[in-house]
1. Working from Cα positions, state the angle (0 to 90°, nearest 10) between the long axis of helix 72-91 and the longest principal axis of the chain.
2. Quick one: length gained pulling E17 to D98 fully straight, 0.36 nm per residue minus the C-alpha distance?
3. Say the cut-off is 27 Å between C-alpha atoms; which of K21/K189; K126/K357; K14/K344 go over it?
4. ³J(HN,Hα) across segment 192-207 via Karplus (A = 6.51, B = -1.76, C = 1.60, θ = phi - 60°), whole Hz, x for Gly/Pro?
5. With each run of n ≥ 4 DSSP H residues scored as -39500 (n - 2.57), what mean residue ellipticity at 222 nm is computed for the chain after dividing by its residue count and rounding to the nearest 500 deg cm²/dmol?
6. Which distance in nm do the two modelled labels at E369 and A68 give, with both placed 7 Å along the Cα-to-Cβ direction?
7. For segment 285-308 and segment 50-75, what is the centre-to-centre distance using only Cα atoms, to the nearest Å?
8. To the nearest 10 degrees, how steep is helix 319-330 against the longest Cα principal axis of the chain, on a 0 to 90 scale?
Amino acid sequence: MRHHRYNPSFNFVKSPESFDKYSDKEFLQYCAGATMYMPGTKDFLPKILNCTMPGLTTMVFCFEDACAESDVPAAEENVLRILDAVSTAVENGELDRDNVPLIFCRVRNQEQFEGFAKRLTPHMAKSLTGINFPKFNSENGEAYFAYLKALSADLGEILYGMPIIEDPRVAFKESRMQELSSIRAILNKYYDYVLQVRVGGTDFSSCFGVRRGVDYSIYDIMTVRECLSDILNVFTRNNEFVVSGPVWEYFRASKQMMFEELPKHTLDDYLMKRKPLVNHEIDGLMREVILDKANGFVGRTVIHPTHIRFVNGLQAVTREEYEDAKQILENTDGGVCKGQSANKMNEIKPHTNWAKKVIMRSRAFGVIENENRYLKLFSESE
């Protein structure tokens with residue numbers, strides 16, 4: 001896989017690197033980007049085999065919220081069939097492995113996870129990157145990861161876990177920090193199997209009976225903002241874990257949302273000063289992604305294909321960010337130096353963790369000339 005393949009003519013300063021489930025974990029955890037959820041019953045095989053969605057790099061077949069309980073057996077059959085067919089197509093040379101998205105399954109609970117896992121074969125597991133664990137907490141987390149580790153050994157395939165933190169014990173202030181500390185202890189124990197930490201903004205909102213409108217950001221919802229802030233505080237210290245942003249719920253049915261001509265203002269003018277850019281739904285998504293990046297999230301969950309290129313496009317690194325990050329990491333003497341554009345102070349030690357994250361994002365999503373190029377990057381249709 002490689003990001004932004006829907007726009008092959010785009011001229012990068014530094015092109016995104018290819019990745020697959022076998023890439024080094026320290027790089028791969030930055031690559032998931034826009035991770036699209038879909039019901040486990042959806043027959044997505046033709047789109048994978050025919051490469052009809054080149055922008056899609058990460059997908060999750062859901063056996064939980066997106067799937068009625070009565071449909072779980074059919075969903076499992078569908079996903080097992082897809083995994084088997086994708087592995088066969090790769091082995092037969094009918095599908096390039098570079099065109100296989102990172103595929104995850106969101107299980108319903110431990111019992112359903114074990115039942116599904118017992119039907120996985122090593123052949124199927126070649127096309128499966130990992131498992132998403134919903135409602136992850138200090139009580140179910142150990143069992144999830146212990147079984148995942150044993151399953152990986154049995155299949156002879158690396159399978160990663162992506163815990164989804166959305167439990168009421170994290171939502172509620174009086175239990176939050178103890179719960180997050182307990183979760184972190186579990187993830188530290190199984191560090192090699194944790195690809196990303198994911199968050200459930202919708203579940204947190206439901207705990208307080210609120211829902212952000214299309215003109216608001218999740219960061220405007222104070223109770224949810226506090227949850228997300230504490231999750232970042234606990235899990236992103238010294239870049240220990242990569243945390244992805246919550247889902248944006250709004251979309252337009254039309255997939256044709258291209259610019260007839262590129263907008264004339266800067267991205268900040270449109271999104272932060274509220275000049276209309278694409279439409280309310282996509283503008284709101286991009287506004288939230290900009291705030292995600294400012295706060296340390298990398299990528300996010302998406303539930304509609306129209307969101308993918310906007311989320312992944314905004315993960316690209318500008319040349320100025322990239323040059324500053326390189327300067328910081330290449331300076332081993334510490335101290336302070338003038339940024340590459342002579343417009344900021346680069347303080348070597350305090351900015352090192354930021355620089356490491358920027359370099360990883362640059363490898364995954366590429367380097368573009370400046371912020372105005374974001375519009376050109378995601379202005380091409382699939």
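Each value in this text was obtained by applying a stated rule to the coordinates, not by laboratory testing. A quick note: this is a predicted structure, and the numbers were derived from the prediction, not measured. Please note: Cβ atoms are built from the backbone with ideal geometry, for glycine as well, and neighbour counts cover all protein chains shown.
1. Approximately 70 degrees, to the nearest 10.
2. Values: separation 81, 0.36 × 81 = 29.16 nm, distance 1.12 nm.
Difference between extended and current length: 28.0 nm.
3. Details: K21/K189 21 Å; K126/K357 29 Å; K14/K344 23 Å.
The pairs that break the limit, which is 27 Å between Cα atoms, are K126/K357.
4. Along segment 192-207, the couplings run 5, 9, 9, 7, 8, 9, 10, 10, x, x, 5, 5, 4, 4, 5, 4 Hz.
5. Values: 16 runs with 157 residues, N = 382.
Rounded to the nearest 500, it is -12000 deg cm²/dmol.
6. 5.3
7. If we compute the Cα centre of each part, the gap is 20 Å.
8. Computed tilt is about 80 degrees.
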